[in-house]
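Single-structure report; data block below.
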Amino acid sequence: MALLCGIDVGTTHVKVGFFDERGGCVSSVRRPTPRTLPALVAAVLEALEECAARTGRGPDTIGIAGMAETGVPLDDSGSPLTPLLWWNDPRGTQEAAALRDPAASLNAPHGGAWGGGDVGSGGDVVEVYARTGRWVDAKAPLAKWLWLRAHEPDVPAAMRWWASVPDAVAYALTGVLRTHETLAARTLAYDVVRRDYDEDLLSLAGLRPGHLAPTVRAVEPVGGLTARVSGVAAGVPVVIAGHDHAVGAWASGVRRPGHVADSMGTAEAVLAPAAHPPDPRTGLAMGITADPSLDGTGTVLVGGLPTSGGMLDWLLGLTTAPEDPPARGVVEGGARATADKYAALPALLDGVRLPTGIIAEPYLRGRVAPAPDRGRRVTMSGMGPDHTYGDLLAAAMEGTCLHTRWTVAELAAVTGAEAERLVVFGGQVRIPLWTRVKAALSPVPVDVVRADDAVCAGAALIAGQAGGSLDDVPVLPREPQPHDPGLAAAYRPLYERFLTIARQEHG
């Protein structure tokens, strides 16, 4: 029996697991995601050794997935020039705002500090979307490069390579720097039509295509393992499976129009395969992205909620339950600040009646899609003296589910393919109340992927097809989430109220 390894570098945790050929977990290790590349590599190597020791053997292949926008500049020797630059780091906000300004052509210098570049005739945000499938925001590496050029010019001057975290981990394991198209596409400097890096956009930051890793297919090995890992044989093929949401969706069986994936984590993403990209103006207006499909043959439309699990983390850290010690050093999405709270979550939710009657807008850092509003913030309406702390937590979950239903409907309108099934995976599927609400609000049947970590398992299954075809990747086990008609009926008027509130202009 083949033993397959998956590595998933997430916002909160890095996960390493050994799986069988169907995605069944044999051994797994989870660690808080470090803030620097050396610490991240050390965590991955230690986890690989621990899994090998527990299993009694090493894997036959290693697959890597993870965050796309988080990355690090490397010098000529492959050493990091900075700590990891995170997707949710606010640096680059002003630079992204300058790029979004429709009154300022990208052909002209912006702010003087970071120069200009020729984006082509009539270059503007619509042209950028048409090329990249993305709207301009601060989480894009391009915005971080512009910030570095303005504030720490010695870094881009010394930068030989940019590596997203999956690329950097693969480089540490093999000594070869490569990336996958689903990762390259999220730099905001990759032309999804030509399927190559965009020289004009890169020139805005003083970079060239040679500063970015060449792309390889998800099943094409980057190289053989060269790093010393106790219990793992040298030469084991290492593949970059792709962006975490895309990997999880493919492994969950969402591969054609009509099937929709809901990837739940610190951030949540709804992924809808489409026959063709959207009109750029439509995509921009909705705040959705048009990513390459994992197999490179099509397009996947993505609507994001940056603070889904982050919303619950924030509430758990902000409010202390009775008899709990005061929370200290609370950081949104911080693992240490909320770990003990998650252990207490079942008790806190015990006795909560659904619907809670509270309408929550789950927008901690603005709304991305399907109606972008950067100034949007959390609102809670309908709270009363009878509501408890548990009700507030449940209302946050309801709010994310209400938003997801809205996103699914809007994506279906753009793709022209009505959703037939919603496939849900990610950490929140372990919270029964969340999946119950998800199924009650969904207009189509909901399947829940029952894997210890769908992205980690997906990376392993994709690696298992190294040199072969993505079509042969097995689908992870899924279970239909029971549908409660009574609860669904109770949520219908609340969904209409949510839409009315969410569509209101604030300010």
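Here the Kirkwood formula, the inverse mean of 1/r across different C-alpha pairs, assigns segment 362-436 a hydrodynamic radius of 14.3 Å.
Equivalent ellipsoid of the chain: semi-axes from √(5λ) of the C-alpha gyration tensor, largest first, are 33, 29, 22 Å. In the chain, helical runs assigned H by DSSP with n ≥ 4 each contribute -39500 (n - 2.57); averaged across all residues and rounded to the nearest 500, the mean residue ellipticity at 222 nm is -10500 deg cm²/dmol.
Take every DSSP beta bridge whose two residues both sit in the chain; close to 65 percent of them are antiparallel. Relative to the Cα centre, the charge distribution of the chain, modelled as +1 at Lys and Arg Cβ and -1 at Asp and Glu Cβ, gives a dipole magnitude of about 360 debye. Expressed as a fraction of 2.2 N^0.38 Å, the C-alpha radius of gyration for segment 153-222 is 1.10.
Annotation: the residues 46, 398, sorted from fewest to most other C-beta atoms within 10 Å of their own C-beta, follow the order 46, 398. Within the chain, the selection of entire DSSP H helices by a Cα span of 18 Å or greater along the long axis and an average Kyte-Doolittle value of at least 0.5 returns 37-55, 389-415. The label-point distance for residue 275 and residue 76, in a model that sets each label 7 Å from Cα toward Cβ, rounds to 5.3 nm. Multiplying each eigenvalue of the alpha-carbon gyration tensor of segment 124-194 by 5 and taking the square root yields semi-axes of 22, 18, 9 Å, largest first, rounded to whole angstroms. Assuming a ≥ b ≥ c are the square roots of the Cα gyration tensor eigenvalues, decide whether segment 180-283 counts as rounded (a/c under 1.5), prolate (otherwise, with a/b larger than b/c) or oblate. Taking the square roots of the gyration eigenvalues as a ≥ b ≥ c, segment 180-283 is oblate. Neighbour counts of C-beta atoms inside 10 Å place 379, 187, 266 in the sequence 379, 266, 187, starting with the fewest. Of all aspartates and glutamates in the structure, those lying under 12 Å Cα to Cα from residue 139, and not within fewer than 8 positions of it along the same chain, are 69, 89, 95.
For segment 210-231, the residues whose amide N sits under 17 Å from a probe point set 7 Å from the Cα of residue 42 along the beta carbon direction are 228-230. Taking the number of Cβ atoms within 10 Å of each Cβ as an exposure proxy, the fewest-first ranking of 152, 268, 496, 181 is 496, 152, 181, 268.
No value in this document is a laboratory result; all are computed from the given coordinates. For clarity, every value in this text was computed on a predicted model and none was experimentally measured. Please note: Cβ atoms are built from the backbone with ideal geometry, for glycine as well, and neighbour counts cover all protein chains shown.
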